[in-house]
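Can you keep this structure in mind? I'll have questions shortly.
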Amino acid sequence: MKILLVTLVLLFLLFSIVSSLYAEIYYVINKEGEVIVKCYYEPDKDDLASRDEIAVKSNEDIPLEEVEYKNGKIQRKTKIQEEIISDEQEAIVIIQRQILQLTIEKEKAEELGFIELARQLQLQIDKFKEELKRAEEDLSKVAE
C-alpha cells in the first residue's frame, strides 16, 4: 500500500513538473499597451474587451516587473542605460566593501601571527581587486 501511495505521489509530481514546462502563460495588456497581469489560463475575451484589454499567449514565464509588450509580442524588458550604470555602480560598491572587510581581517590575522590565514586572505583580496577592475572597465564602457 505504501509503495502504491509513493508511486502515485511521484507520478503526480512528475506530471506537475512536465505540465508546468509546457504551460502557456497569458499576459493581459491594457489599452495603454502595458502588461498588467499574467495568468496560467486563457482569460475571458469578452471580459477583457469590456475594458479594452487583450491577452497575449506566451511560452515564457517572465516576472511582471521584467516583461513588456512590444511590436505585438511579449518579451523581457531591455534595461535602459541608467539602470545598467546603477547596477554596475552598486556592484563596484559591494566589491569595495568586500576588499575593505578582507583587508581588516588580514591585518588582524597578521597581528595575531596567523601568517597562512593572512596569505589566504590576500589571495581573496587580489581576486576581488581583479573583479573590481573588470567592473570599473564595464562601467566605463557603458557610460561612453
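At Leu64 and Thr103, where each label point lies 7 Å from the Cα along Cα→Cβ, what is the point-to-point distance in nanometres?
Distance between label points: 4.4 nm.
So which trypsin sites (Lys or Arg not before Pro) in the range 42-144 end up in coil per DSSP with only 16 or fewer other C-beta atoms within 10 Å?
Arg51, Lys77, Lys79
Moving on. Using a Cα-Cα cut-off of under 12 Å, which aspartates and glutamates could be cross-linked to Lys141, ignoring same-chain neighbours fewer than 8 residues away?
Counting by Cα, and skipping residues close in sequence, Lys141 has these aspartates and glutamates nearby: Glu88.
For Glu110, what charge total do you get from the other residues with a beta carbon under 12 Å from its beta carbon, if Lys and Arg give +1 and Asp and Glu give -1?
-1
What lysines sit close enough to Lys73 to cross-link, taking a C-alpha to C-alpha distance under 25 Å and skipping anything fewer than 8 places away on the same chain?
Excluding near neighbours in sequence, the set is Lys31, Lys38, Lys45, Lys57.
How far apart, in nm, are the 7 Å Cα→Cβ label points at Lys77 and Ala143?
2.4
Something else: Could you give the size of the charge dipole of the range 81-143 about its Cα centre, using +1 on the Cβ of each K and R and -1 on the Cβ of each D and E, expressed in debye and rounded to the nearest 20?
It works out to roughly 280 debye.
What FRET efficiency comes out for Gln124 versus Ile84 if R0 is 25 angstrom and r is the Cβ-Cβ distance? Round to the nearest 0.05.
Computed FRET efficiency for Gln124 and Ile84: 0.35.
Shifting gears a bit: Mind listing the long-range amide H neighbours of Val37? Cut-off is under 5 Å, sequence gap 5 or more, other chains count too, H placed in the peptide plane at 1.01 Å from N.
The answer is Val28.
Further, regarding this structure: What is the spin-label model distance, in nm, from Asp52 to Tyr40 if the labels are put 7 Å beyond Cα along the C-beta direction?
3.3
Values quoted throughout were computed directly from the atomic coordinates according to the rules given, and no laboratory measurement underlies them. As the structure is a computational prediction, the values presented were derived from the model and not from experiment. Quick reminder, even Gly has a Cβ in these numbers, built from the backbone with ideal geometry, and neighbours come from all protein chains shown.
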